[in-house]
Every structure is written in C-alpha cells, then in structure tokens.
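In what follows, a structure is listed as structure tokens, so that the remarks can point back to it.
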Amino acid sequence: MLSAEIDIYGVFVPGLLALMLLTFAITAGMRAVLARVGFYRLVWHRSLFNLALYLIVLGGVVAMARSLQS
C-alpha cells in the first residue's frame, strides 16, 4: 500500500496520503484524550509537541504498513 497509488475517480494519489490521513485521525483522538486528562499543562510548546506526536505515530503507521505488505 505504501508504494502503490490509489485511483479516486481517475485521480491518482500516493498511498502515503492514505497513511497520513489515518495518522491524522489517530492523533486527533490522542490529542483529545491528552487535553481531557490535563497532560498539556506539562508540555512547554503544545504545537511542537503535537507535531512530534504526529511524526512518531506516522512512523509507526508506515512501519506497520510495510510489515503487513511483506
């Protein structure tokens, strides 16, 4: 799925875009939980933390997609 392109009504989009959208949904849920628990009071820069969280989760999703592909 990672190297394949997805055809959406004649428009080819990279497979990585689908993984990025999945990651966005996962991190949106994680951010809601972290905000509800009050974790962001301990974070120095909330936006930078959210970016780092997104990149870490994206790396995990890509690694899982590669392992499932093999």
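If you rank Tyr9, Tyr54, Tyr40 by fewest surrounding Cβ atoms within 10 Å, what's the result?
Tyr9, Tyr40, Tyr54
Apply the Karplus parameterisation 6.51 cos²θ - 1.76 cosθ + 1.60, with θ equal to phi minus 60°, to every residue of the stretch 60-70 and state each ³J(HN,Hα) to the nearest whole Hz, in sequence, with x for glycine and proline.
These are the phi-based 3J(HN,Hα) values: x, 5, 5, 5, 5, 5, 5, 5, 6, 6, 6 Hz.
Work out from phi, with θ = phi - 60° and the Karplus expression 6.51 cos²θ - 1.76 cosθ + 1.60, the ³J(HN,Hα) of each residue of the stretch 9-22, listed in order in whole Hz, and give x for Gly and Pro.
Whole-Hz 3J(HN,Hα) from phi for the stretch 9-22: 6, x, 9, 8, 10, x, x, 5, 4, 5, 5, 5, 5, 5.
Read phi for every residue in the stretch 37-53 and hand back ³J(HN,Hα) as whole Hz from Karplus 6.51 cos²θ - 1.76 cosθ + 1.60, θ = phi - 60°, with x for Gly and Pro.
So the J values, rounded to whole Hz, are 7, x, 5, 5, 5, 8, 8, 6, 10, 4, 5, 5, 5, 5, 5, 5, 4.
Kirkwood hydrodynamic radius of the chain from all distinct Cα pairs, in Å?
Hydrodynamic radius (Kirkwood, Cα pairs) of the chain is 13.6 Å.
Counting each DSSP H run of 4 or more residues in the chain as -39500 (n - 2.57), what helix-only mean residue ellipticity at 222 nm follows after dividing by all residues, to the nearest 500 deg cm²/dmol?
-23500 deg cm²/dmol
Give the calculated FRET efficiency between Phe39 and Asp7 to the nearest 0.05, with a Förster radius of 35 Å applied to their Cβ-Cβ distance.
So the FRET efficiency works out to roughly 0.30.
Values quoted throughout were computed directly from the atomic coordinates according to the rules given, and no laboratory measurement underlies them. All figures in this text were calculated on a predicted structure; none of them were measured in a lab. Ideal geometry is used to build each Cβ from the backbone, glycine not excepted, and the neighbour counts take in all protein chains shown.
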